[in-house]
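The values are calculated or read from the model by the stated rules, or taken from the named source; none is laboratory data. Since the structure is predicted, the reported quantities are computational estimates derived from the model, not experimental observations. With ideal geometry, Cβ positions are generated from the backbone for all residues, glycine too; neighbour counts draw on all protein chains shown. These accessible areas exclude ligands, DNA and RNA; they are computed on the full protein's heavy atoms, side chains included. Shrake-Rupley method; radii C 1.70, N 1.55, O 1.52, S 1.80 Å.
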Amino acid sequence: MSVFRNLSRISQYSYSSKPHTLNTTVTNRFHAPLSTFLSHFATATATNTHTDYLAPHVGLRPTKAHEKARVVVLGTGWAGSRLMKGLDPNIYDIVCVSPRNHMVFTPLLASTCVGTLEFRSVAEPIARIQPAISREPGSYFFLANCTSIDTDHHVVHCETVTEGEETLDPWKFTISYDKLVIALGAQPTTFGIHGVYEHAIFLREVYHAQEIRRKLLLNLMLSDVPGIGKEEKQRLLHCVVVGGGPTGVEFSGELSDFIMRDVRQRYTHVKDYIHVTLIEANEILSSFDDRLRRYATKQLTKSGVRLVRGIVKDVQEKKIILNDGTEVPYGLLVWSTGVGPSPIVRSLDLPKSPGGRIGIDEWLRVPSVQDVFAIGDCSGFVESTGRPVLPALAQVAERQGKYLAALLNKIGRANGSRANSIKDMDFGDPFVYKHLGSMATIGSYKALVDLRQSKEAKGLSLAGFLSWFVWRSAYLTRVVSWRNRFYVAINWATTFVFGRDISRI
């Protein structure tokens with residue numbers, strides 16, 4: 001009923017003939033609630049509490065003295081989601097801008113490609129992570145992309161996300177902020193290699209996993225059609241993974257399990273044609289202990305994964321070419337070679353760290369601008385801090401989000417939540433990252449657990465079935481909500497008893 005009440009309120013206002021005001025034609029019953037709702041929005045010119053700013057599009061105006069301060073969060077990855085979960089909605093209005101309305105639990109994403117898990121099991125709606133976004137009158141989620149940031153006037157420029165050909169044109173709007181947190185993540189690195197974007201599939205989003213699953217099952221069914229030659233069958237059923245990091249290795253392991261346990265039972269006509277190749281320029285799992293790398297190499301080879309050391313020179317529609325001239329035909333190509341700064345991050349006129357990320361200091365602030373913070377894969381310490389740029393890992397992003405949420409709550413309680421109000425404030429202890437270790441599954445109920453704090457340090461490292469049990473237990477407890485933990489546990493049990501779902505939907 002609350003939905004219909006909100007719709008009835010919104011439907012009763014219209015723009016007046018004056019371009020800079022809103023004419024609210026409401027009944028006495030809804031006048032006060034509607035005025036509160038509309039007071040957050042402005043059309044063209046808004047008087048900023050910091051300075052007068054001419055906004056070319058409709059948007060959220062600057063907050064007033066009697067309202068809560070506004071934190072704008074760009075992104076719904078590990079960093080942004082953990083930040084929003086920890087922010088106190090009694091102190092701040094929270095506005096999130098992102099092209100997706102959910103967080104992806106990336107460590108289990110590879111499992112969805114072959115039907116071990118369903119896609120909804122790894123997607124956590126933002127409204128569940130921070131309920132204030134859908135409940136509080138001044139908090140919002142906008143399905144949009146950030147196009148630019150005006151740090152002088154504390155304004156973010158956005159453009160709505162659209163899909164398909166028959167859709168509305170993107171709508172541009174602005175959001176004024178008191179505090180801005182940039183958590184835009186990163187994009188896959190292609191090293192400028194021709195044809196990657198056109199022919200390869202990445203593995204960072206749920207729709208990537210859906211595309212991989214559909215492509216894999218399509219090739220399996222096409223290869224069984226009468227008239228398909230042996231050479232074409234081998235190409236269609238050749239799955240090539242480029243990149244020997246944790247994502248590439250885990251996907252290769254899941255794929256080999258799928259082939260051994262499901263394909264050989266349900267696609268007996270083509271079971272001898274399907275195989276997996278993992279291409280890496282150096283050693284696979286370079287951040288893991290040497291003993292664990294050797295174990296992973298042995299187990300993957302035993303599972304039927306062919307390991308090739310080489311550098312991809314060119315990607316064509318049906319084959320890739322390595323630097324030594326070797327041609328590798330493929331039916332499915334998955335690209336997992338690390339990440340780098342996205343175009344929007346590169347375009348922002350902000351200090352940069354080595355590698356092109358947004359520069360931050362020890363408290364995750366962006367130097368030389370007020371009230372702007374950056375966390376996650378899009379950020380890195382500036383050289384003046386003397387700290388190295390942290391790796392693009394989920395645990396780094398999650399830890400930064402948790403730290404910054406606590407810091408912003410502390411700032412808010414100290415009356416520093418408003419724009420330009422924290423110049424001389426003591427922030428307390430800076431952010432310190434302590435590596436908790438790395439884990440990766442390699443298929444066949446085996447995994448790797450490396451609990452060293454760095455490559456040079458000593459620590460516990462495990463491999464085998466016990467590590468696989470630790471891997472599953474750890475990630476099951478790290479899934480954000482109890483709902484998704486239940487989904488994951490049920491999916492694992494169903495797959496173990498009945499096998500993977502091979503429906504192409």
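For the reader, a short list of remarks on this structure follows.
- Under a model in which nothing but the beta-carbon of Lys, Arg (+1) and Asp, Glu (-1) is charged, the chain shows a dipole of about 1400 debye around its Cα centre.
- Between amide H atoms placed 1.01 Å from N, distances below 5 Å from Ala69 occur with Asp93, all of them 5 or more places distant or on a separate chain.
- Calculated diffusion of segment 273-327, Stokes-Einstein form, Kirkwood radius summed over Cα pairs, 20 °C and 1.002 mPa s, µm²/s: 171 µm²/s
- Eligible lysines near Lys271 by straight Cα distance, threshold 20 Å, same-chain separation 8 or greater: Lys215, Lys230, Lys233, Lys302
- Computed P(r) (all Cα pairs; segment 117-232; 10 Å bins; percent): 9, 23, 33, 20, 9, 5, 1
- Solvent accessible area, Å² - Ser347, 1.4 Å probe, full protein context: 80 Å²
- Segment 320-334 and segment 134-163 have Cα centres separated by 41 Å.
- The label point for His66 and the one for Asp314, both projected 7 Å from the Cα toward the Cβ, are 6.9 nm apart.
- For the chain: Kirkwood Rh in Å [reciprocal of mean 1/r, alpha carbons]: 25.0 Å
- Cα-based radius of gyration for segment 327-430, normalised by 2.2 N^0.38 Å, reads 1.32.
- Spatial separation of Cα centroids for segment 430-505 and segment 56-128, in angstrom: 24 Å
- Summary of packing: across the peptides 367-375, 429-437, the per-residue average of other C-beta atoms within 10 Å ranks them, highest first, as 367-375, 429-437.
- Calculated P(r) tail over 25 Å for segment 180-336, as whole % of Cα pairs: 31 percent
- For the chain, the longest principal axis of the Cα atoms and the long axis of helix 482-498 meet at an angle of about 20 degrees.
- Amide hydrogen neighbours beyond the local backbone of Ala281, cut-off 5 Å, H modeled: Gly244, Gly310
- Measuring nothing but protein heavy atoms, the accessible surface of the chain at 1.4 Å probe radius is 53 percent carbon and sulfur.
- The alpha carbon radius of gyration of segment 398-437, expressed as a multiple of 2.2 N^0.38 Å, is 1.34.
- Across the chain, Cα pairs under 8 Å and at least six residues apart give a relative contact order of 16 percent.
- Residues Tyr177, Tyr140, Tyr273 ordered from highest to lowest accessible area at a 1.4 Å probe: Tyr273, Tyr140, Tyr177.
- For segment 294-310 and segment 367-426, distance of Cα centres in Å: 41 Å
- Ordering Leu143, Ile212, Val104 by the projection of their Cα atoms onto the charge dipole of segment 90-246, which places +1 on the Cβ of Lys and Arg and -1 on the Cβ of Asp and Glu, puts Ile212 at the extreme positive end.
- Each residue of segment 359-368 is assigned a 3J(HN,Hα), and the resulting list reads x, 9, 9, 5, 9, 6, 7, 8, x, 6 Hz, derived from the Karplus form 6.51 cos²θ - 1.76 cosθ + 1.60 (θ = phi - 60°), x at Gly and Pro.
- Residues in segment 319-327 carry Karplus couplings, in order, of 7, 10, 10, 8, 5, 8, x, 5, 9 Hz; the curve used is 6.51 cos²θ - 1.76 cosθ + 1.60 with θ = phi - 60°, and Gly or Pro positions show x.
- Computed label-point distance, nm, for sites Arg485 and Asn323 using a 7 Å Cα→Cβ extension: 4.6 nm
- Mean Cβ neighbour count within 10 Å, used as a protection proxy, ranking 213-220, 77-84, 311-318 highest first: 77-84, 213-220, 311-318
- Taking a Cβ cut-off of under 12 Å around Ile358, the surrounding Lys, Arg, Asp and Glu residues balance to a net charge of +1, with basic ones at +1 and acidic ones at -1.
- Those lysines that a straight Cα-Cα span of less than 28 Å connects to Lys68, excepting residues fewer than 8 apart in one chain: Lys85, Lys172, Lys179, Lys402, Lys410, Lys423
- Reachable aspartates and glutamates from Lys352, criterion Cα separation under 12 angstrom, eight or more residues apart if same chain: Asp361, Glu383
- Across segment 375-387, rounded Karplus estimates of 3J(HN,Hα) from the backbone phi angles (6.51 cos²θ - 1.76 cosθ + 1.60, θ = phi - 60°) give 9, x, 5, 7, 10, x, 5, 6, 4, 5, 6, x, 9 Hz, Gly and Pro being marked x.
- Heavy atoms of the protein chains alone define the surface here; on that basis the chain has 48 Å² accessible area per residue at 1.4 Å probe size.
- If the segment from Asn420 to Val339 were pulled out straight at 0.36 nm per residue, it would be longer than the present Cα-Cα gap by 25.8 nm.
- Proximal charge balance of Phe498 [Cβ under 13 Å; K/R count +1, D/E count -1]: +1
- Sites Arg100 and Leu307 - FRET efficiency at Förster radius 56 Å, r taken between beta-carbons, to 0.05: 0.95
- Near the amide H of Met103, within less than 5 Å, lie the amide hydrogens of Glu124, Ile126, all on another chain or at least 5 residues away, with H placed in the peptide plane.
- With DNA, RNA and ligands ignored, accessible area of Phe191 (1.4 Å probe; Å², nearest 10): 150 Å²
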